[in-house]
Each structure stands twice: as structure tokens, then as C-alpha cells.
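K.L.:
First, the structure itself, so that you have it in front of you.
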Amino acid sequence: MTPKPPIAVLTAHGQPSAPAPAEVDLAKLAAEVAPHLPGWDLRNATLSTPGRLEAAAGEGAVIYPFFMSRGFFTTKVLPERLQGLPCRMAAPFGLHPGLPALAAYAVQQAAKEQSWDLRAVQLLLAAHGSARGPKAAEAAEDFAARLRPLLPGCKISLGYVEQAPSIEAAARPLPAQSICLPFFAQAGDHVKQDLPEALQEARYGGIVLPVAGALPGVPELIAASIRAAASDQKP
């Protein structure tokens, strides 16, 4: 008998009001990760599609949380949804130790394309934050702390959707030579609507990078995390 391939499931929050587009986006990401995990059965499921995660999580599956922090959804919602299923949980995407390097490179390239001296650039990390607890903000602050040594001279500030300081307040004093990195896994409504509105209100004149989850090199990071979780190691 041919042994069954190991299963990995990429999961994200999704959009409860319209689950389909987020499922499509997550499926595209899974397709990009697949070449880096030969021999694996790679699946995807957002939490917003009823029953999809439970159906995808086969015996011994590695669950990959495409989330930015170890917060409410990764510590409470996911375990409750997977209760009774023999799965292994990988570390959330936003906590991967290799992510700051990818972000730093993207910032450096953006500054270079604008002919900006990186030492004169200000970087705004636009993050979600949370009214439920401190974990989301702590993850963003930790990411900023790990990013600073990789971008010497570049000033880094943070703004949040759901807590203070707001993105608008953080962006308002920034000069034209500024770069905004959305610290989000997917480009959902917060990135497509809330972020542009906040930057417009702040009269932000800088540039905006893709979300952290869309940076070049992310599929390789995800594959490394899944392999590490399967072998109970750190990525």
C-alpha cells in the first residue's frame, strides 16, 4: 500500500460576510507554497466557511495559522474548532523569525526605487491591534523591534485599526519620504478600506507596500514552518 501523504492545512480568518473571495486568495497562496512541500497534501480553509476547516483537517494534519499573532483566534477559536482531531499546530505566520528580513528587504527596495536615503525614511507599520487583549499589539511591537536593527537609521512607528494610536494619528505627522507596511496576513477589508481611509484622512503622502503576507519569500517561510511543526522543531 502506498502511504498517504502528510496533510497541511493553511487557515485564515476569512470574511464572514463573503467567505468565497478569501477562500480563493488562500487557495492561491496554498498553490504557491505547494512546490516547497513536495509530497504533501496541501489544503486551505478559512474560519469563515462553516465546516471547511474540520473537513480539511485529516488525521495528523499540520494546521498552519495564517495569522499575525498568537491571539484570540489562534489560542481559542482554532483549538475549539479542532477539538478531538489529532492535529499539530504550527506557529502563526506573523511570529516567524524570518519575516522581518523579508520586510526589511521590501522596504530597502522601495526606498531605492524612490531614490530615498533609507536613513531619512520613516516606516509606518499599520497593524490590526485588538480590543480583546494585548497579543495583537505585542506581536506588532515585537516585529518592529526585530525590524529596527535590519533598517539602521530608518524610524519605525506603529498605528492600529482597533486601538490607539490609530493609523490616522500615526500617519498624520509623517513626511513625504515615508513607507507604510500593512502588518496583515491577507488584504481583507481592513487593508482595502480602513487603511486607505485612515491614510487619506491623515493626508499621508508616502507609499504603501503590499501586506506582509504577500511579500516575496513568504511561501518558503510557510513551508519551513509546516516542516518544523511536523517534526516538532522551531522553523
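K.L.:
Do you know which residues across segment 96-133 are assigned to a helix (DSSP H, G or I) and closer than 23 Å to Q193 by Cα? Please lay out each step first, then the result.
P.N.:
Pass one, segment 96-133, residues assigned to a helix (DSSP H, G or I): 99-113, 118-120.
Within segment 96-133, A103, A106, V107, A110 meet the criteria.
K.L.:
Hey, could you check segment 136-167 for residues that are outside any loop (DSSP other than H, G, I, E, B), open to solvent by 30 Å² or more (accessible area, probe 1.4 Å) and out of contact with any helix residue (DSSP H, G or I) (no Cβ under 7 Å at 6 or more places or on another chain) and say which is nearest to K76 (Cα to Cα)?
P.N.:
Only one residue fits best here, namely E138.
K.L.:
Could you tell me which numbered condition P79 fails, if it satisfies all but one of (1) more than 30 Å from A145 (Cα to Cα); (2) out of contact with any helix residue (DSSP H, G or I) (no Cβ under 7 Å at 6 or more places or on another chain)?
P.N.:
Every listed condition holds for P79 apart from (1).
K.L.:
A follow-up question, please. Output the number of residues of segment 39-57 satisfying the condition of being crowded, with 16+ Cβ neighbours inside 10 Å and either over 30 Å from R132 (Cα atoms) or aromatic (F, W, Y) (or both).
P.N.:
At the first step, the residues of segment 39-57 found to be crowded, with 16+ Cβ neighbours inside 10 Å are 40, 42-49, 52-53, 56-57.
Still in the running and either over 30 Å from R132 (Cα atoms) or aromatic (F, W, Y) (or both): 40, 42.
Qualifying residue count for the region: 2.
K.L.:
While we're looking at this one, here's another question. So how many residues does segment 1-38 have that are of a type in the set (G, A, S) and either open to solvent by 60 Å² or more (accessible area, probe 1.4 Å) or closer than 19 Å to F72 by Cβ (or both)? Quick ask: steps written out before the conclusion?
P.N.:
At the first step, the residues of segment 1-38 found to be of a type in the set (G, A, S) are 8, 12, 14, 17-18, 20, 22, 27, 30-31, 34.
If we keep only those that are either open to solvent by 60 Å² or more (accessible area, probe 1.4 Å) or closer than 19 Å to F72 by Cβ (or both) as well, we get 12, 14, 17, 20, 22, 31.
So the answer is 6.
K.L.:
Okay, next question. Please find, within segment 206-230, the residue that is nearest to G98 (Cα to Cα) out of those that are outside any helix (DSSP H, G or I) and either open to solvent by 60 Å² or more (accessible area, probe 1.4 Å) or touching a strand residue (DSSP E or B) at 6+ places or on another chain (Cβ under 7 Å) (or both).
P.N.:
Across segment 206-230, the extreme among qualifying residues is P216.
K.L.:
Within segment 12-33, can one find any residue that is under 26 Å from S231 (Cβ atoms), assigned to a strand (DSSP E or B) and in contact with a helix residue (DSSP H, G or I) (Cβ under 6 Å, 6 or more places away or on another chain)?
P.N.:
yes
The values are calculated or read from the model by the stated rules, or taken from the named source; none is laboratory data. Not measured: the values here are computed from a predicted model. All Cβ positions, glycine included, derive from the backbone under ideal geometry; neighbour counts span all protein chains shown. Quick note on the areas: whole protein, heavy atoms, side chains included, nothing else; ligands and nucleic acids left out. Shrake-Rupley method; radii C 1.70, N 1.55, O 1.52, S 1.80 Å.
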